[in-house]
Amino acid sequence: MAASDLITDLFDSQESPALAVDNTEIVFDRSLMLNPLGLLQAVSRTRLLVWSWNGFIEQGHIVYAFPGHPEYQRLPARDMALIVLT
């Protein structure tokens, strides 16, 4: 239950106005009971956040994993600046 607070505290401990984060799969682990998009939005309120998303874009949504997978997430991409690398 404290995972969100721990992650936020980790980011807050960095004295930088911008952060780049990679290897982000952990936030999708169901046992942590995180809201990945809510976490990103909370952290990005106080700094520029560049976050690697290991998924794809589909019909205005960012998608992680595939339907039926325990970590599947399909989230609206509105109000996000997306840079797609292929």
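The values are calculated or read from the model by the stated rules, or taken from the named source; none is laboratory data. These figures come from a predicted structure and were not determined experimentally. Accessible surface is based on the protein model in full, side chains and every heavy atom, while ligands, DNA and RNA are left aside. Shrake-Rupley method; radii C 1.70, N 1.55, O 1.52, S 1.80 Å.
Observations on the structure shown:
- The portion of the accessible surface of the chain made up by carbon and sulfur, rounded to a whole percent, is 56 (1.4 Å probe; DNA, RNA and ligands excluded).
- P(r) tail, the chain: Cα-Cα pairs separated by more than 19 Å, 39% of all pairs.
- Each stretch of four or more DSSP H residues adds -39500 (n - 2.57); spread over every residue of the chain, this sum gives -6500 deg cm²/dmol at 222 nm.
- Per-residue surface analysis assigns PHE28 an accessible area of about 10 Å², computed on protein heavy atoms at 1.4 Å probe radius.
- In the full protein context, the stretch 1-77 carries 65 Å² of accessible surface per residue, based on a 1.4 Å probe and ignoring ligands, DNA and RNA.
- Principal-axis tilt of helix 3-12 within the chain, Cα atoms, nearest 10 degrees: 50 degrees
- Applying 0.36 nm per residue to the separation of ARG30 and ALA77 and subtracting their alpha-carbon distance, the gain on full extension is 14.8 nm.
- Solvent-accessible surface ranking, highest first, for HIS61, HIS69 at 1.4 angstrom: HIS69, HIS61
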